[in-house]
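First up is the structure itself, then whatever we jot down about it.
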Amino acid sequence: MAMKENLRTLLGAGWLGWQMEANWTDPFLFLVYSVAKPVSGALILVFMYIVILGGVAAQSTAFAYIFLGNAFFIYVGQVLFGVTWVIHEDREHFQTLKLIYISPISFYYYIIGRAGSKILIATIAVVVTLLFGVFALGIPVDAFTMDWGLLILCLTVGMACLVSIGIALAGITFLTAKHSGGINEGIAGLFYVFCGVVFPITQLPAWGQSLGYAIPVTYWLEAMRKALLPAQQLQGTGLQGIENIWLVALLAVSALFFYFLSILIFRLGDYLARRAGKIDMTTAY
Amino acid sequence: MNYAVETKDLTRIFRVKKRRRRRSGSKGAEQDVTALKDVNLRIEEGELFGLLGPNGAGKTTLIKILCTLLLPTSGKAYVAGNDVEKDPYPIRRIINMVSGGETSGYGLLTTRENLWMFSQFYGIPSKEAKKRIDEMLEAFGIWDKRNAKVRTLSTGERQKANVIRGFMTDPSIIFLDEPTLGLDVNASRIIRKFISDWVRETSGRTVLLTTHYMMEADELCDRLAIIDEGGIVACDTPRNLKRTVSKASSLMFEVDYLRDPDKLKGIEGIQNFTYKHNGQMNRTLLTFIVQDESAVADIVSRIVDQGAKIHSLEKREPTLEDVFVSLVGKGLA
Ligand SMILES: Nc1ncnc2c1ncn2[C@@H]1O[C@H](COP(=O)(O)OP(=O)(O)OP(=O)(O)O)[C@@H](O)[C@H]1O
Ligand SMILES: [Mg+2]
């Protein structure tokens, strides 16, 4: 019974998200906002690093490392930003947050549903970026040598993990009046630096490395790279020695930890917001 | 048996931060607003219960607490026996809420899509939901707007769609915060009729409604609570409430424009007194609730003392408005 209800919530919210994101009445706008923007964002960063590093050869392992890191990081930005935006928009613009809040659904499932549609759309952007990388920049990803099993498994766990971080951010967003762009951007920035997106975490000071090892995104990005380019791995990432099975285990364990942490944060945020009367607060007077 | 709604010494205080940036060192002084103070209320299953009160009396705050949107500061509130603070989940299965004058909804979905989505959050099978939605769109006279985007609906149409959203989920208890606010006469009538039919159609359905319209409260509600400054000042059937002032009578004078009507305040035997100026006609309308009709002589002489002529005098049976005025000390609207 509960399963069926949650599934219904998930589908309802996913459907809603899809209707809102993919503004099908204007496919051009959709392409610009949901695809072109994240793709160009990722590419700009890639080219910046090429310039800073003074000409990393396009076929080099280091370049592939940077490129894949940025390509998959699109998910992080889109999901984290997306979830806090959902709360903000539902509360302020549509004034539906309170109605959804007092309905019998599990709010987690609502967020998962809404995040699901963000993931779907982010996937389009990631795929476009990857295709650009392969065909225009010569990243040697090969569909035949790729580790599809690892890709699908880790992508799934990675997304579950991002969504649970998103749930925690939703709890925090409950408490903030204005759109809290700061929080999600701060978290995304933190992940960008400490999770080996553009440089291996071994480049960080010891405390930074410890932090990196504690965040599941680190293992997830490594797993993505291993899945796409199994034969071409950068040395000295601090993770390259780990067997795939252990990488998956580490990802799963840290994701589980983050899952419980975010439930805790969400509950606390929910309680404090209900106490302060912020669930239905609108500031746009 | 549980009450549909029960509150025990329910109190809600809002902590409002005053603006900072004072010159002195005193940083952001806090000021408390007591929206509800020791409210004790019992609403039985099957009742159509009304809350009547002036602006800022605490009506919406009470509804928010009962809907599990807001926590009490102290005291208890139970909906169908469940503590709003500790057990919000069972409450959410059996309630719904509609508040008037708000424009909630996803603008880029159609009316039907919006309603359908909410029905999914209440676990109504999709086919059943669509059928119910269509029936209600028809009943509320917005069938022709079924495929219109919500953002293109008029205020009243949105309001109707919101009322449909509330009733569509077949709640046991529905909270209606000024459901007819801003609607035209016809639309209000449709909604009022729907509410009173709905609650009587199946036993065990309960409505808690707030309103500013005396007529609405009088016509619809089985029982009424009059709330002022966060406290319940009276709670009974509209009939009994009117009976409490029936010993008193209500006198309406239409007189020449009075410069200083407050001078009429101190007269003995007057339970309450309000006035309205009509600048256009250059007249003043005075309403007295008097315990003892011997006060009439005093009133008349005081009016004449001010040099005004009395154009009409009317004695009325007490209305709910009179009850309200005698309890709260001011009229609504
Ligand atoms: N979020 C809030 N923060 C601070 N004060 C609040 C808040 N919500 C309500 N109040 C205050 O609490 C009091 C009661 O407000 P409430 O909205 O319950 O009144 P109401 O009876 O619904 O009035 P109305 O008839 O105008 O709708 C008011 O003084 C209001 O200013
Ligand atoms: Mg109100």
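Please treat every number below as a calculation from the coordinates, not as lab data. The structure displayed is predicted, hence computed values, not measured ones. Note: ideal-geometry Cβ built from the backbone for every residue, glycine included; neighbour counts use all protein chains shown.
Below are the figures for this structure:
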read-out	value
More than 18 angstrom apart: percent of Cα pairs within the range B:247-317	28 percent
DSSP-assigned coil residues among trypsin sites (Lys or Arg not before Pro) in the range B:251-324, each with at most 12 further Cβ atoms within 10 Å	B:Arg259, B:Lys265, B:Lys309
Farthest toward positive dipole pole in the protein assembly as shown [+1 Lys/Arg, -1 Asp/Glu at C-beta], among B:Ile63, A:Ile50, B:Ile190	A:Ile50
Flagged links, alpha-carbon separation over 23 Å, of B:Lys276/B:Lys330; B:Lys127/B:Lys149; B:Lys242/B:Lys315; B:Lys265/B:Lys309; B:Lys37/B:Lys76; A:Lys278/B:Lys193	A:Lys278/B:Lys193
Karplus-derived 3J(HN,Hα), 6.51/-1.76/1.60, for each residue of the range A:117-132, Hz, glycine and proline x	6, 5, 5, 4, 6, 4, 4, 4, 5, 5, 5, 4, 4, 5, 4, 4
Peptide B:116-128, shielding by other chains (average Cβ, 10 Å cutoff)	5
Candidate aspartates and glutamates - alpha carbon under 18 Å from A:Lys226, same-chain residues fewer than 8 apart omitted	A:Asp142, A:Asp147, A:Glu243
Average other protein chain Cβ within 10 Å of Cβ, residues B:278-286	0
Using distinct alpha-carbon pairs, which all enter the 1/r mean, Kirkwood radius of the range B:103-157 in Å	11.3 Å
Cα-based equivalent ellipsoid, the range B:114-213: semi-axes from gyration tensor eigenvalues, Å	20, 19, 11
Projected-area average for the range A:159-285 over all orientations - Cα convex hull basis, square nanometres	9.1 nm²
Convex hull volume per residue in cubic angstrom - Cα atoms of the protein assembly as shown	214 Å³
Spread of Cα-to-Cα distances over 20 Å intervals beginning at zero, given as percent, for chain B	27, 48, 24, 2
Structure-based [θ]222 nm, the protein assembly as shown - -39500 (n - 2.57) summed over DSSP H runs of at least 4, per residue, nearest 500	-16000 deg cm²/dmol
37 °C / 0.692 mPa s Stokes-Einstein diffusion coefficient of the range A:2-276, Kirkwood radius on C-alpha pairs, µm²/s	169 µm²/s
